[in-house]
1. Mind listing whichever residues of region 164-190 are hydroxyl-bearing (Ser, Thr, Tyr) and touching a residue at least 40 places away in the same chain (Cβ under 8 Å)?
2. In region 48-68, which residues are touching a Pro at 6+ places or on another chain (Cβ under 8 Å) and in a loop (DSSP other than H, G, I, E, B)?
3. Go through region 38-56 and report how many residues are crowded, with 24+ Cβ neighbours inside 10 Å, out of contact with any Asp or Glu (no Cβ under 7 Å at 6 or more places or on another chain) and among the small types (Gly, Ala, Ser).
4. With the requirement that a residue be of a type in the set (S, T, N, Q) and assigned to a helix (DSSP H, G or I), what does region 136-153 give you?
5. What is the residue count in region 60-89 for residues that are in contact (Cβ under 8 Å) with a residue 60 or more places away in the chain and touching a helix residue (DSSP H, G or I) at 6+ places or on another chain (Cβ under 8 Å)?
6. Does Thr71 meet the test of being touching an Asp or Glu at 6+ places or on another chain (Cβ under 9 Å), within 16 Å of Asp129 (Cβ to Cβ) and in a strand (DSSP E or B)?
7. List the pairs whose first member sits in region 135-155 and is within 12 Å of Ala47 (Cβ to Cβ) and touching a residue at least 24 places away in the same chain (Cβ under 8 Å), whose second member is among the basic types (Lys, Arg) and buried (at least 20 other Cβ atoms within 10 Å of the Cβ), and whose Cβ atoms are under 9 Å apart, counting only residues at least 6 apart or on separate chains?
8. Checking Gln134 against (1) farther than 21 Å from Phe101 by Cβ; (2) touching a Pro at 6+ places or on another chain (Cβ under 6 Å), which single condition isn't satisfied?
Amino acid sequence: MKLEIRKYGDPVLRQKGARIEKVTPEIKKLIADMFDTMYEAHGVGLAAQQVGHALQLTVIDVRGIKDRPSTMQINGKPVDPETQMPLVLINPEVKLSGETFTGPEGCLSFPEIFADITRPGEVDLTATDEKGHQISFHAGGLLAKAVQHEFDHLQGILFIDRMGSETKREFKAELEALSDETKAALKKKK
């Protein structure tokens with residue numbers, strides 16, 4: 001089932017997610033709904049906050065994206081990231097490494113806003129999957145960027161927080177308009 005994607009200005013996007021202690025049927029349904037929502041919106045990642053749940057849960061799928069390749073290693077051995085998708089990451093822990101890279105980034109909670117964001121080029125991640133199994137991998141390229149972007153969401157950090165001050169100034173009017181529109185819509189719902 002497709003869920004509403006929360007937009008900039010919704011307070012849930014600034015909430016740090018609570019740890020998930022048990023993968024319940026409700027969490028499994030949320031995961032399935034998050035994938036439906038992400039695929040319909042043509043995204044590569046979606047955090048629980050973006051659908052109104054302040055939890056340590058994100059889904060990622062970078063399959064089919066050739067212009068920004070991903071790399072992945074499991075137990076120190078290279079694997080094809082396509083064979084490991086889609087990913088469900090519960091209570092993820094991320095360690096950043098590698099040189100920093102600057103590249104285009106967008107967010108489903110910020111429609112039509114794209115900016116160059118600088119992030120480390122590699123990550124080591126440990127998380128629990130939807131079956132309750134621990135997963136660990138090293139990632140580079142788009143997958144590393146997606147992991148960092150979604151991990152930020154779980155901490156209540158948005159990609160605009162990673163923008164340079166000049167870029168933020170350029171988007172000031174669009175960001176204020178989006179926030180105002182979101183807050184007005186939330187008031188109507190009350």
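Here, each number is a calculation from the coordinates, and none is a lab measurement. Worth saying up front: this structure is predicted, and the values here are computed from it rather than measured. Every residue, glycine among them, receives a Cβ derived from its backbone with ideal geometry; neighbour counts consider all protein chains shown.
1. Selection gives Thr167, Ser179, Thr182.
2. Gln56, Asp61, Val62, Arg63
3. 1
4. Of everything in region 136-153, just one residue is of a type in the set (S, T, N, Q) and assigned to a helix (DSSP H, G or I), namely Gln148.
5. Counting residues in region 60-89 that are in contact (Cβ under 8 Å) with a residue 60 or more places away in the chain and touching a helix residue (DSSP H, G or I) at 6+ places or on another chain (Cβ under 8 Å) gives 11.
6. Considered against the rule, which asks whether it is touching an Asp or Glu at 6+ places or on another chain (Cβ under 9 Å), within 16 Å of Asp129 (Cβ to Cβ) and in a strand (DSSP E or B), Thr71 comes out as no.
7. Note: pairs meeting the criteria are Gln148/Arg119; His149/Arg119.
8. (2)
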